[in-house]
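The values are calculated or read from the model by the stated rules, or taken from the named source; none is laboratory data. Quick caveat: nothing in here was measured; it's all calculated off a predicted structure. A quick note on method: Cβ atoms are made from the backbone with ideal geometry, for glycine too, and the neighbour counts reach across all protein chains shown. These accessible areas exclude ligands, DNA and RNA; they are computed on the full protein's heavy atoms, side chains included. Shrake-Rupley method; radii C 1.70, N 1.55, O 1.52, S 1.80 Å.
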Amino acid sequence: MAKKVKLSEMTDMFKDVEVLALEGVTIEGDIELDLSGLGGGFDPMLAALLGQESAVLAQHFGRLASMFGVPVGIGAPATGASAAPAVSPALAAPKLKDLIPSKFDFSNIEEWTTQIQEVPIGNTSADGGSRGKRVLVGGEKALPFFPDAPMPNRNQVTIDVFDMRIGLAKAVKENYDEVMDSPGEWAKKNVDKFNADMITIHLISTDPLVKDTSPKEAAKTVEEVLQAVDVPIAIGGSGNPQKDPEVLARAAEVAEGERCLLASASLNLDYAAIAEAALKYDHDVLSWTQLDMNAQKELNRKLMKQCNVPRDRIIMDPTTAALGYGLDYAYTNMERIRLAALMGDEELTFPMSSGTTNAWGARESWMVSSPLKEDSDWGPREYRGPIWEIVTGLSLAIAGNDLFMMMHPTSVAVLKHITQTLFGTVEAEPVDLANWIGSGV
Amino acid sequence: MKINSPLEAYKYLPQTNCGECGEPTCMAFASKLIDRSGKTADCPPLVKEKKFAKKLAELDRLLAPEIRQVTIGVGDRAANIGGDDVLYRHKLTFFNKTKMFFDVADNMDEAALVERVKKISDYKKFYVGRNLLLDGVAIRAASNDPAKFAAAVKKVVENTELPVVLCSFNPAVLKAGLEVAKDKNPLLYAANKDNWKEVGELALEYKVPVVVSAFNDLDGLKTLAKTFAEAGIKDIVLDPGTYPSGKGLKDTFTNFLKIRRAGIMGDTEIAYPIMAMPLTAWMAGISDPVSASYWETVLASVFTIRYGDIMLLHSMDPYATMPEVHLAETIYTDPRSPVAVDSKMYKVGTPDENSPVLFTTNFALTYYTVESDLASNGINCWLLAVNTDGIGVEAAAAGGQLSADKVKDSFDKSGFDIHKDVTHNSVVIPGLAARLQGDLEDKLGVRVMVGPMDSGRLPGWMEKNWPPK
Ligand code: B12
Ligand code: SF4
């Protein structure tokens, strides 16, 4: 068996891609970063990714690619055998004489009429806040990654932080153990090490059945996080419908002017109180329903009509169920919502957010091994969990989801890499497929 | 499908309401034809009586799916691919789950090859009452040597019932493989702009399905498909190339969309199943196997959702295959109806009159989760699957499909009598249905014990609470 890398190493590899291509880090910084990556032990995987990325840079700096020594076609050794047929079977009356040319005709057949609302999260100093950047979600005029209309904004990932130590799957916990007692440090790690676009601070300790932390205490945690990082943040309650409105209102107040995403307004709590706090203190609202398109329409309508929340402050969470545990429902629900929106249903034309972390609830992602002895070996769970989170998120990205709430750093890195590839901002050295049959795949 | 209302299909039926199809009326049967839950062969008069022959042929033509269905292999494990009618699964459903073929190469040593073939054939992952399996073997002619390839194909077909894809651009090599596997209806990979004449003739001579391949060239692909179709080749699969990274991958994604959309919109020249090759992830310069497997799984996921009908894969690491087979199952379930088990009393292990009685719902995911938690811990018991229309415990309790009346009704219909068939006069209910406790005690006249929220904790709970004092 070839060598296995640690997931943390893998995360680093994918993370560098991100930094280089997409986050607009200055080129000087990049080169240093790259070269240090190539120093010591030369890692072909890292090199390949750098090679891919160097193509982006090469557009600006002609000679850069040669500096890196772009590894062309690693893993695809030429076999020598050409694809040209050597022998042709002798047949008396060949039926195939000439090619009958046919053109593939593709025009923009889909008549999608309506654009999804674009929603900003986070206020920079120009907008009256203190965030270092603003995140934009939504704005699509077609299904994700479809050629009918360019997708204006890439997918964004917000990484979870909790306001207390909680039980997490082992593979996840490893990454956070030393910061779990400090939301600020935790948030910092998510941004600095794991390349989070945003942070979600979950105020779960406010639940009366957990620690019953007061709204005032909880608000302090929010301030701590806002000070620790300068990315936009989402603020989540504990899920207790009686207490959440009060907790979120208080948090909204201390975060005034930062344009945070308040998570969540739902039909089974005082959504009006949350909407009011959002309007008063300049925040966005996450409109959360449970796998029910009609309930989603109802809540959005109430937020707009009853509570006067402007369209550019609403994001929807139609609920994420994990791969193998209801993803079929979650996928279809999102795809239907997005199609209805594109075809003009004004109650659904909002960007969507997914609690992708739910993937960690699937037994396949955390159980040590299969409970059934008949099953083929499930393999090490350290590798199962992150890919479960990736596949859950990726499926929903294709269904129309814009913003992802995630946990495992590797999942974040890989999800970003694939969604940005489909989005069109990842360059790679072209691969010659002609020899795939003979390659040492 | 060229028609979409039962009324249109009805015109072609005998209209006698004879009931032989199991439906009360021809109209009811017509709606089954339209939602594809029934097929014309199920109407005996239509098939048997000569006078209906014309109508039958016309109806079959109208009902044929937009995307051609192609069969690879023979027997029980033959793989059907294609056959779809819609672009979005909720509009109907996707038919013929994406088929996963794993590669072997003719330059592998024999023992390794046989071992890998066995591993592919034996793979299984239990899920809601069935096993998720892998579907076939793709044999790569890495040697480009006809004799070597023939030997490898022979070894493969001797060791598996699974269908195979013969992979070479060299017609002589393909012919050698076909000679060995000609009774197995293998898929030929592939005809391209250089070899199409020879490979096309092979497909005709051996009557096997064939892939036409043109990397990132849809005009070329369509030209090949059209040429083959005109020559009488019906079973065609399209390979537009699967680029594993960067802009190439984006192009590939776009190509899949364009092809499928054109096919569904009625362009019959390109309305064939599409082949994706996630295994090209291993050509993208990713050298460590975990990252490459992850990337391969990512590609497999993208093309399971967007229109890959058959795919060639390499990694057999469990963390790659497990999400792949699950996602195919997810995308290809019928979004209109939950997967359910029969509502009845099940025996777990060998229960007797002292064994506990429990109930759960008939949502397959719920039932099998509970059943496996009980069985794998050696708990002998009676387990009733209450008919909740295939909804899980919590959603059914919230939506009204799980109520005391429903539970009583399911007990009555199961023929199981709690008062007579067991001695303890007790029922254990799911923790998430705790709110039904009082109602149930009244309706069933037994002691109702509230179990844990998650059936995974039933073994510990039983130790503490069973038998009841
Ligand atoms: C998938 C899902 C759906 C699917 C249901 C698909 C299906 N066929 O069941 C759909 C989209 C249809 C759906 C609809 C609704 N849903 Co829903 N749904 C979920 C979701 C995401 C997962 C549920 C699930 O499948 N779990 C997995 C199965 C295996 O769990 P289970 O059946 O409960 O079984 C476990 C336990 O109960 C226990 N157990 C089972 N049997 C037994 C037996 C014994 C003896 C014991 C001891 C234990 C035990 O062990 C099992 C394994 O852990 C949950 C949220 C979540 N993540 O949990 C919401 C959830 C269940 N839904 C919810 C709601 C409100 C609804 C709707 C009413 C929404 C609406 N407004 O329309 C509808 C109702 C639909 C209906 N009844 O007709 C709420 C319920 C809230 C509540 N407690 O009252 C939840 C919790 C979401 C939420 N947080 O609000 N939903
Ligand atoms: S078997 Fe045919 S003729 Fe008889 S009721 Fe069914 S559809 Fe009508």
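Between helix B:404-414 and chain B there is an angle of about 70 degrees, using the helix long axis and the longest principal axis of the Cα atoms.
On association of chains B and A, roughly 9100 Å² of accessible area becomes buried (total for both chains; probe 1.4 Å).
Taking each DSSP H run with n ≥ 4 as -39500 (n - 2.57) and averaging over every residue of chain B yields -12500 deg cm²/dmol at 222 nm.
About its Cα centre, the dipole of segment B:69-332 is roughly 560 debye, where the only charges are +1 on Lys and Arg Cβ and -1 on Asp and Glu Cβ.
Helix B:289-305 axis versus longest C-alpha principal axis of chain B: approximately 80°, rounded to the nearest ten. Note the angle between two axes, namely the Cα long axis of helix B:318-331 and the longest principal axis of the Cα atoms of chain B, as a number of degrees from 0 to 90, rounded to the nearest 10. Long axis of B:318-331 versus the principal axis of chain B: about 80 degrees.
Each residue of segment A:132-147 was assigned a 3J(HN,Hα) from its phi angle through the Karplus curve 6.51 cos²θ - 1.76 cosθ + 1.60 (θ = phi - 60°); the sequence is x, 8, 10, 9, 10, 10, x, x, 5, 10, 8, 5, x, 6, 6, x Hz, with glycine and proline shown as x. Loop only per DSSP, at most 12 neighbouring Cβ atoms within 10 Å: give me the trypsin sites (Lys or Arg not before Pro) in segment B:193-223, ordered by residue number. Answer in residue order: B:207.
Considering only beta bridges that DSSP places wholly inside the protein assembly as shown, some 20 percent are antiparallel. The accessible-area ordering, largest first, of the residues B:419, A:417 stands as B:419, A:417, per a 1.4 angstrom probe. Note on B:222-230: average number of Cβ atoms from other chains within 10 Å of each residue's Cβ is 4.
The residues of the protein assembly as shown present an accessible area of 38 Å² per residue when probed at 1.4 Å with all protein chains retained. Measuring nothing but protein heavy atoms, the accessible surface of the protein assembly as shown at 1.4 Å probe radius is 50 percent carbon and sulfur.
Distance from the Cα centroid of segment B:151-218 to that of segment A:262-333 is 53 Å (rounded to whole angstrom).
Residue A:104 contributes about 30 Å² of solvent-accessible surface, heavy atoms of the protein only, 1.4 Å probe. About its Cα centre, the dipole of the protein assembly as shown is roughly 2240 debye, where the only charges are +1 on Lys and Arg Cβ and -1 on Asp and Glu Cβ. Only the Cβ atoms of Lys and Arg (+1) and of Asp and Glu (-1) were treated as charged; on that basis the dipole of chain B about its Cα centre amounts to roughly 820 debye. Candidates B:30, A:215, A:323 compared by Cα position along the dipole of the protein assembly as shown: farthest toward the positive end lies B:30, with charges placed on Cβ. The mean count of C-beta atoms from other chains within 10 Å of the C-beta of residues in B:323-335, rounded to a whole number, is 6.
Of the GluC sites (Glu not before Pro) found in segment B:39-103, those that fall in a DSSP loop while having at most 16 other beta-carbon atoms within 10 Å are B:49. In terms of accessible area, using a 1.4 Å probe and ignoring ligands and nucleic acids, B:413, B:250 rank largest first as B:413, B:250.
If both residues of a DSSP beta bridge must be in chain B, then about 25% of such bridges are antiparallel.
A 1.4 Å probe over all protein chains sorts A:280, B:54, A:193, B:443 by accessible area into B:54, A:280, A:193, B:443, starting with the largest.
Other protein chain C-beta atoms within 10 Å of residue C-beta, averaged over B:272-284: 4.
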